[in-house]
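Coordinate-derived values only; no laboratory data. This is a predicted model, so every value here is computed, not measured. So basically every Cβ, Gly included, is an ideal-geometry build from the backbone, and we count neighbours across all protein chains shown.
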Amino acid sequence: MYGIQLIWHGHACFEIKASINVFIDPFFRGNPKAKILPEDVEAHLILVTHGHFDHLGDTIEIAHRTGCKVIAVHELAQYLKSQNVTAEGMNIGGRMNVNGMSVVMTDANHSSSVSHAGLSLYAGRAAGFIVQMNGCSIYHAGDTGLFADMQLIEDIYKPDVALLPIGGRYTMDPEDAARAVALIRPKIAIPMHYNTFDVIAQDPLDFMNKVMGSCETKVLIMNTGDVLDL
């Protein structure tokens, strides 16, 4: 055991609890799957994969209240700084070390923008993250389509857990997400970014069944608020 708890808050929002509390894509207000509100969140660090409303979510509100640091791609970090958030930028392939935890920014095939004052502002590239702590490696793919270089995630980082979108239309669907698992080969694959809205309705069992036929990875279907002890 690595002394880590992984909690799903619906959509693409995950909480990693260890020596510090880390939130990835903290989307609570407006998230019909979320069971808590932004004011319930105690965060030491927030990782944001891209600027879309359902991923940037409540980052600014939480950061203002808690004073936590936010890590995002450079352009999005600059926007957050303009909103009086303590933010640090990085880019694809970069690594940062925070409180004994390693954060690597990975590629994601998606778009990114921020809605501000009625405009859609460029927010840099969309990304994923590799979070490594206590000997455990967790891959959050962000919003992405399937791409062949996912093989490098397995080669370099050997994730224990992969958090993969399966909703389709804006990201991979269950079939492509299963192909991603075959490339990444994590010990555990957890589907995310589905059934939050009608447009991304999917049956996670479709994903599970497709993975079972392709590799030895265990698929864990989580409910909102479920805790995985690692």
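Here is how the numbers come out for the structure above:
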{"read-out": "Checklist (1) of a type in the set (A, V, I, L, M, F, W, C); (2) closer than 26 Å to residue 200 by Cβ; (3) under 17 Å from the mean Cα position of the chain (by Cα) applied to residue 148, failing item", "value": "(3)"}
{"read-out": "Output for segment 125-174, where each listed residue is surrounded by fewer than 23 Cβ atoms within 10 Å (Cβ to Cβ) and charged (D, E, K, R)", "value": "125, 149, 154, 155, 158, 160, 169, 173"}
{"read-out": "Qualifying residues in segment 89-116 (those that are in contact (Cβ under 8 Å) with a residue 60 or more places away in the chain and of a type in the set (Gly, Ala, Ser)) - the one surrounded by the fewest Cβ atoms within 10 Å (Cβ to Cβ)", "value": "100"}
{"read-out": "Members of segment 204-220 that are farther than 12 Å from residue 174 by Cα and acidic (Asp, Glu)", "value": "216"}
{"read-out": "Count of residues meeting criterion [in contact with a strand residue (DSSP E or B) (Cβ under 8 Å, 6 or more places away or on another chain) and either hydrophobic (A, V, I, L, M, F, W, C) or surrounded by fewer than 20 Cβ atoms within 10 Å (Cβ to Cβ) (or both)] in segment 52-88", "value": "21"}
{"read-out": "Residues of segment 1-45 classified as of a type in the set (A, V, I, L, M, F, W, C) and within 26 Å of residue 187 (Cβ to Cβ), total", "value": "15"}
{"read-out": "Answer from 52, 74, 64 - the residue that is farther than 22 Å from residue 144 by Cβ and of a type outside the set (D, E, K, R)", "value": "64"}
{"read-out": "Pairs where the first residue, in segment 156-171, is under 11 Å from residue 188 (Cβ atoms) and the second is of a type in the set (D, E, K, R) and part of a loop (DSSP other than H, G, I, E, B), C-beta under 8 Å, 6+ apart", "value": "159/187; 160/187; 161/187"}
{"read-out": "Helices (runs of 4 or more DSSP H) wholly inside segment 1-103 that include at least 3 residues being farther than 20 Å from residue 162 by Cβ and more than 15 Å from the chain's Cα centre (by Cα)", "value": "59-66, 74-82"}
{"read-out": "Elements of type strands (runs of 3 or more DSSP E) contained in segment 113-230, each with 1 or more residues being within 20 Å of residue 31 (Cβ to Cβ) and out of contact with any helix residue (DSSP H, G or I) (no Cβ under 9 Å at 6 or more places or on another chain)", "value": "113-116, 127-133, 136-140, 161-165, 188-192, 227-229"}
